[in-house]
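As structure tokens, the structure follows; a few thoughts come after it.
The values are calculated or read from the model by the stated rules, or taken from the named source; none is laboratory data. These figures come from a predicted structure and were not determined experimentally. A quick note on method: Cβ atoms are made from the backbone with ideal geometry, for glycine too, and the neighbour counts reach across all protein chains shown.
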Amino acid sequence: MKKRVSIIALFVSCFAICLAASTDLNGKWKGILKFGDMELPLTYTFQVEGESLSGVVTSDQGDLPIADGKIKGSDFTFSLDIGGNVMPHAGKFYGDSTIITSEFNGMKTHLKLTRAQ
């Protein structure tokens, strides 16, 4: 009986931690995407509801809505439509930072985001 209670407690704790991690992704995050010598400041605004991720990516060139967003624990995916080209993104939430990997026209990018103040 003790073992069963311990397993249930462990499961509930893991679920709570995963839920807390995905909830903490909510809000604004900033980073700078680098292309050779060019730098593009970006702001990601994430909204998490259950396992659904939505929001917008903002740059000096305008806003792009996040589409097909999903989150499970600290891992998440979404896509952006850039001029009719769908750009898939995969990310990992680390609490104080987020890393996003994407690929566009054969070029892979990695972007570190930190919470906007």
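Brief remarks follow.
- Tallying residues that are over 20 Å from LYS112 (Cβ atoms) and hydroxyl-bearing (Ser, Thr, Tyr) within the stretch 23-78 yields 3.
- The stretch 70-117: number of residues that are touching a Leu at 6+ places or on another chain (Cβ under 8 Å), of a type in the set (D, E, K, R) and within 18 Å of PHE35 (Cα to Cα): 0
- Checking GLY91, GLY50, GLY69 one by one, the residue that is exposed (fewer than 12 other Cβ atoms within 10 Å of the Cβ) and out of contact with any Lys or Arg (no Cβ under 9 Å at 6 or more places or on another chain) is GLY50 and no other.
- Take the conditions (1) in contact with a Phe, Trp or Tyr (Cβ under 8 Å, 6 or more places away or on another chain); (2) at pLDDT 95 or above; (3) surrounded by 15 or more Cβ atoms within 10 Å (Cβ to Cβ); (4) not aromatic (Phe, Trp, Tyr); LEU64 misses just one of them, which is (1).
- Sub-8 Å Cβ pairs linking a first residue in the stretch 73-88 that is assigned to a strand (DSSP E or B) to a second residue that is acidic (Asp, Glu), at least 6 apart or interchain, are THR77/ASP68; PHE78/ASP68; SER79/ASP68; MET87/ASP81; MET87/GLU103; PRO88/GLU103, ordered by first then second residue.
- Considering residues of the stretch 94-113 that are in a strand (DSSP E or B), within 11 Å of the chain's Cα centre (by Cα) and not hydrophobic (A, V, I, L, M, F, W, C) only, the residue surrounded by the most Cβ atoms within 10 Å (Cβ to Cβ): THR98
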